[in-house]
Amino acid sequence: MTRILDELGYYLLPGAGGAGPAGVLDEARRGEELGFGTAFVSERWNIKEAATLSTAACAATTRLRVATAATNHNTRHPLITASWATTLHRLSGGRFTLGIGRGVPGLYDLFGIPSVTTAQMEEFARVMRTLWSGGVINDYDGPLGQYRTLYLDGNFREEIPLGLVAFGPKSLALGGRAFDDVVLHTYFGPETLRRCSDTVKRAAVDAGRDPDQVRVWSCLATIGDHLPEEVRRARLVGRLATYLQGYGDLMVRTNDWDPAVLRRFREDSVVQSIPGAIDRVATDEQLRHIEELLPASWTESAATGTPEECAARIRAEFEHGADRVILHGATADELAPIVAAYRAADTVEAQPIS
């Protein structure tokens, strides 16, 4: 029987959403067919609304776990989020994980939404678990706002995993003490991955939790050379450049990169001329220019090369502190040769020594 790769995940509709949301159905089925353990849904405020995509993915599959990584707790009433998660948890037979994240402050400012705080995310986890266990919260006045009553159903005894996309030390520690899955960011090198994983596990221990029950997910850009060069450049350079647009200071600080490079990137006339997310609208000519602005060391943490080289890079993430690995930036079909190479290494390791 083919082994289910519970230690591996992938993203549905990676990036800006590809050809459109309908593709989530085939991508979910294909990922299940390849043996992935978890399919992740990220949210963009265009055609990637998390509740809709997660439901579609669960309905299209029978075994695959589906997780948001991430949606934001502050864009829906807490009762709506708790009800959505419970509904999908039951609809899928317990295959749903609700994952939240801090989001992009610039977008919040643009849309008039208050920024997310660490205290809010911790309180959100407590409130969700109270509601899912049948509890009632009266006269709430706290980090999430003011509510006269928060209540769903006194008979609920739902055990729905909670995930957190974490970046800085405060969020990482929060993940360790209050969440079940902690998803790291893309382009974390081995040293950064190890440090982040240690922070999560140490916080779990300090909170009296079993650190082995908190799963740390590496989010590994996986861009094999079986893809056309222009596609590889868009996935590798374009995606990193988009992150630098949104929260470059945090990326640089977390990885201990040179802030002067980020400053030159931001001041570059080509970068400034691109109207929107670079990975969505930049031309290949513009990406070639941006590639020259960024040190090769900033993309070295990605899995690149042949399928076999990518598979080896995935396995190295476990040595660097990851419990599980998300193959990021490619569709299930694009990841198929890499998954095959990963499985082949499984077979080699299982061979008896003669």
Report the residue count in the stretch 284-305 for those that are open to solvent by 50 Å² or more (accessible area, probe 1.4 Å) and closer than 24 Å to Asp333 by Cα. 2
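Per-residue answers, yes or no, for (1) within 30 Å of Lys201 (Cα to Cα); (2) out of contact with any Phe, Trp or Tyr (no Cβ under 7 Å at 6 or more places or on another chain); (3) free of Cβ contacts under 8 Å to residues at least 60 places away in the same chain; (4) not in a loop (DSSP other than H, G, I, E, B):
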| site | (1), (2), (3), (4) |
| --- | --- |
| Trp257 | yes, no, yes, no |
| Arg264 | no, yes, yes, yes |
| Pro275 | no, yes, yes, no |
| Arg288 | no, yes, yes, yes |
| Ile338 | yes, yes, no, yes |
What about Pro169, is it within 18 Å of the chain's Cα centre (by Cα), closer than 20 Å to Ala204 by Cβ and open to solvent by 50 Å² or more (accessible area, probe 1.4 Å)? yes
Within the stretch 171-228, residues in contact (Cβ under 8 Å) with a residue 40 or more places away in the chain and on the phi > 0 side of the Ramachandran plot come out as Tyr187
Can you name the residue in the stretch 307-328 that is in contact with a Gly (Cβ under 7 Å, 6 or more places away or on another chain) and under 14 Å from Arg232 (Cβ atoms) and is also most open to solvent (accessible area, probe 1.4 Å) among such residues? Pro307
All but one of (1) of a type in the set (D, E, K, R); (2) without any contact (Cβ under 8 Å) to a residue 60 or more places away in the chain; (3) more than 20 Å from His185 (Cβ to Cβ); (4) touching a Gly at 6+ places or on another chain (Cβ under 8 Å) hold for Arg44; state the number of the condition that does not hold. (3)
Test Ala345 against the criterion of being modelled with pLDDT under 95, in a helix (DSSP H, G or I), open to solvent by less than 60 Å² (accessible area, probe 1.4 Å) and not hydroxyl-bearing (Ser, Thr, Tyr), and give yes or no. yes
Given the structure, is Arg215 at pLDDT 95 or above and not polar (S, T, N, Q)? yes
Answer yes if at least one residue in the stretch 330-340 is under 21 Å from the mean Cα position of the chain (by Cα), surrounded by 15 or more Cβ atoms within 10 Å (Cβ to Cβ) and acidic (Asp, Glu), and no otherwise. yes
Pull out all pairs, ordered by first then second residue, where Cβ-Cβ is under 8 Å, the residues are six or more apart or on different chains, the first lies in the stretch 49-74 and is basic (Lys, Arg), and the second is not in a strand (DSSP E or B). Arg63/Ile4; Arg63/Glu32; Arg63/Arg95; Arg65/Arg95
Identify all residues within the stretch 175-234 that are closer than 19 Å to Thr331 by Cβ, part of a helix (DSSP H, G or I) and not acidic (Asp, Glu); write none if there are none. Val231, Arg232, Arg233, Ala234
Looking at (1) under 24 Å from Ser42 (Cβ atoms); (2) out of contact with any strand residue (DSSP E or B) (no Cβ under 7 Å at 6 or more places or on another chain); (3) buried (at least 16 other Cβ atoms within 10 Å of the Cβ), which is the one condition that is false for Leu152? (1)
When the stretch 106-126 is examined, which residues are found to be among the hydrophobic types (A, V, I, L, M, F, W, C) and open to solvent by 30 Å² or more (accessible area, probe 1.4 Å)? Leu107, Leu110, Phe111, Ile113, Ala119
Quick check on the stretch 68-79. Is at least one of its residues farther than 30 Å from Gly135 by Cβ and out of contact with any Cys (no Cβ under 6 Å at 6 or more places or on another chain)? no
Please verify whether Gly145 is free of Cβ contacts under 8 Å to residues at least 40 places away in the same chain, over 17 Å from Asp323 (Cα atoms), small (Gly, Ala, Ser) and open to solvent by less than 30 Å² (accessible area, probe 1.4 Å), treating the condition exactly as stated. yes
Does at least one position in the stretch 243-254 carry a residue that is of a type in the set (S, T, N, Q) and either closer than 17 Å to Ala166 by Cβ or open to solvent by 10 Å² or more (accessible area, probe 1.4 Å) (or both)? yes
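The values are calculated or read from the model by the stated rules, or taken from the named source; none is laboratory data. These figures come from a predicted structure and were not determined experimentally. Reconstructed Cβ throughout: ideal geometry from the backbone, glycine too, with neighbour counts over all protein chains shown. Heads up: the accessible areas ignore ligands, DNA and RNA and are worked out on the full protein's heavy atoms, side chains in. Shrake-Rupley method; radii C 1.70, N 1.55, O 1.52, S 1.80 Å.
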